[in-house]
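S.K.: Once you've had a glance at the structure underneath, I'll fire off some questions.
Please treat every number below as a calculation from the coordinates, not as lab data. Treat the numbers as computed from the prediction; the structure is a model and nothing was measured. Methodologically, a virtual Cβ is constructed for each residue, glycine included, from the backbone with ideal geometry; neighbour enumeration extends over all protein chains shown.
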Amino acid sequence: MIRFFCATADSMTELNLPEPGCWVYAVKPSAGELIQLHESMDIPIRFLRAAIDEEESAHIDHESGCTLLMVDMPVVESEGGAFVYSTIPIGIILTADCAVTLATRECAVLNDFFERRVRGFVSAQRTRFILQILGMITSKFIVYLKQIDKTASMLEQRLIDSMSAAELVQMLKLEKSLVYFTASLRGNAAVLERILRQHHIEKLPEDLELLEDVIIENSQAIEMCAIYRDVLSGARNAFSALTANSTRRVTRMLTLAFVAVAPLMLAGLLWGMRVQAPLTEHRFIFAFIIIIATGSGVGISAYLYRKIK
């Protein structure tokens, strides 16, 4: 799907064909649509293919008067009653007079632009437009990071109450999401630094100010990822240690219980069979054996308890 928009400070108009100063919005374009963009806008075909490659990493490339910016965008999906966070690449291509965005799926960040939720969006201001996209992506990372932090706090409380393995598995998934977020944010940071140094990307003074704000916000998101990863890792390790300790306690108590009854089992084995056993002629031998066996079991258990406590 390819749509064309012309945004001014006061209005947003959808066009039938691309015009100078417009925004080309492409979501999961077909091979034919890529060829159409290549031929009508003179965009290198490798840029278009790279922009919809889900394995493409964040970078900047320049060829034939066009600049390709690949950045990663956070997404959240529902899986098994829980939310799973990951990232997908998004391609932004600057031509001589247009801005083109390509994504492999619908995304809230780009939808906010043609639904007029972004203040000061003008499609003809191409550099400011891409900086606004990068700023929105970074803000979305921060929103999802705060959601991950809240979810982790809830899981910690549920772990305290139930000590269930399901919560530990969910914490592992959140930690995995933070790893993806960190890698993507660092890749985006490299793109932002290159934009700052690139001379063929025209930047007005207000664009430089916005770029610096996005760089700072991206750095804050990276720090948040590191902090939340440390918190999650520490909590997971602590609860794993508690679970292991609980298992050891149960095993220890079962061992002590077995030791306590072992003498009784031995006495029953020796004097319970219908064979000749020592002291069977004594009248109170059974009671005496029970007392001795019970005392031995309790004594051994108490001794081992003090040793392994």
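S.K.: For the range 2-244, calculate the relative contact order in percent as a whole number, restricting contacts to Cα pairs under 8 Å that are 6 or more residues apart.
M.R.: About 20 percent, as a whole number.
S.K.: Using a 10 Å cut-off around each Cβ, can you sort Tyr85, Tyr180 from fewest to most neighbouring Cβ atoms?
M.R.: By the 10 Å Cβ count, ascending, the order reads Tyr180, Tyr85.
S.K.: Now for a separate question. For the range 2-244, what does the equivalent ellipsoid look like in terms of its semi-axes, each the square root of 5 times an eigenvalue of the Cα gyration tensor, given largest first in whole Å?
M.R.: After diagonalising the Cα gyration tensor, the semi-axes are 38, 18, 16 Å.
S.K.: Ok, one more. I want to check a number: in the range 2-244, how many lysine pairs have alpha carbons closer than 27 Å, given a sequence separation of 8 or more or different chains?
M.R.: Total qualifying Lys-Lys pairs in the range 2-244 comes to 10.
S.K.: A further question follows. Give me D for the range 130-234 in µm² s⁻¹, whole number, from Stokes-Einstein with Rh from the Kirkwood sum over alpha-carbon pairs, 10 °C and 1.306 mPa s.
M.R.: Answer, rounded: 105 µm²/s.
S.K.: Out of the range 34-137, which trypsin sites (Lys or Arg not before Pro) are coil in DSSP terms and have no more than 13 other C-beta atoms within 10 Å?
M.R.: Sites meeting the loop and neighbour criteria: Arg105, Arg116, Arg117, Arg119.
S.K.: Quick one: compute the contact order of the range 178-255, relative version, from alpha carbon pairs under 8 angstrom and 6+ residues apart, as a percent.
M.R.: With pairs under 8 Å counted, the relative contact order is 43 percent.
S.K.: Whole-Hz ³J(HN,Hα) for each residue in the range 111-126, computed from phi via Karplus 6.51 cos²θ - 1.76 cosθ + 1.60 with θ = phi - 60°, x for glycine and proline: what do you get?
M.R.: Each residue of the range 111-126 in turn: 4, 4, 6, 7, 9, 6, 9, 9, 6, x, 7, 10, 5, 6, 7, 4 Hz.
S.K.: Near the amide H of Met73, under 5 Å away, which other amide H atoms are found, from residues 5 or more places off or on another chain, if H is placed in the peptide plane?
M.R.: Excluding prolines and chain starts, which carry no amide H, the hits are Ile88, Ile90.
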